[in-house]
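Contents: one structure, followed by commentary.
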Amino acid sequence: MKITILDPAMCCSTGVCGTEVDDVLVQTAANVKWLKSLGHDVHRHGIANDSAAFQQYPEAIARLQKEGTDSLPYILVDDKIVMAKSYPDKAQWEQILSRPAATTSTMKEFTIVPAINEAGGKCCGDSGCC
C-alpha cells in the first residue's frame, strides 16, 4: 500500500525537533516507522521543505486552494485523501490498513474529534489525546 503524509509547515521534516516537541508528531514518526516495517511504501512531504512534492497530488492542491494550510496534514492512501486535519493514531492506521485495496479509493474521509467526558470536558484534559 502506498501511504503519503502531506505535512503542514514544521521546524523540520518530521516536526520532532526543538525544545517543545508535540507528542502527536512523535507518535506519527513512530507510526511511520511501524508502517514501513510492515512493508508499506510510506513517504512524508512537508509544505515548507518539500512543497514541489505536493504537485504530484492534484486532490491535495485543490483542497489547499479551497481550505488553506489549516486543512493539513493530509493522509493519502494510493494517492487518495483518506484523512485531513489530524494524524491517525495506531488504531486508526490499523483501520485504514484493514480496508481492501479496491475500496481504499472510495473510503470516506474522517477526522479526529476529541472525545468529551460526562462532565463536558475532554476525556484526557486539554490534550485531546483520546
Helices (runs of 4 or more DSSP H) wholly in segment 52-130 with at least 1 residues that are modelled with pLDDT under 50 - which ones? 101-104
Condition first: of a type outside the set (Gly, Ala, Ser) and at pLDDT below 95. Now tell me which residues in segment 25-37 satisfy that. Leu25, Val26, Gln27, Thr28
Residues of segment 43-77 classified as surrounded by 17 or more Cβ atoms within 10 Å (Cβ to Cβ) and not small (Gly, Ala, Ser), total: 13
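Search segment 1-24 for residues being in contact with a Cys (Cβ under 9 Å, 6 or more places away or on another chain) and assigned to a loop (DSSP other than H, G, I, E, B), and hand back the single one that is modelled with the lowest pLDDT. Let's see the steps before the verdict.
The initial filter retains those residues of segment 1-24 that are in contact with a Cys (Cβ under 9 Å, 6 or more places away or on another chain), namely 10-11, 17-18, 23-24.
Filter once more, keeping what is assigned to a loop (DSSP other than H, G, I, E, B): 10-11, 17-18.
Numbers: Met10: 73, Cys11: 63, Cys17: 61, Gly18: 56.
Looking at the filtered set, the residue picked out is Gly18.
The values are calculated or read from the model by the stated rules, or taken from the named source; none is laboratory data. What you see is a predicted model; the values in this text were computed from it and never measured. Reconstructed Cβ throughout: ideal geometry from the backbone, glycine too, with neighbour counts over all protein chains shown.
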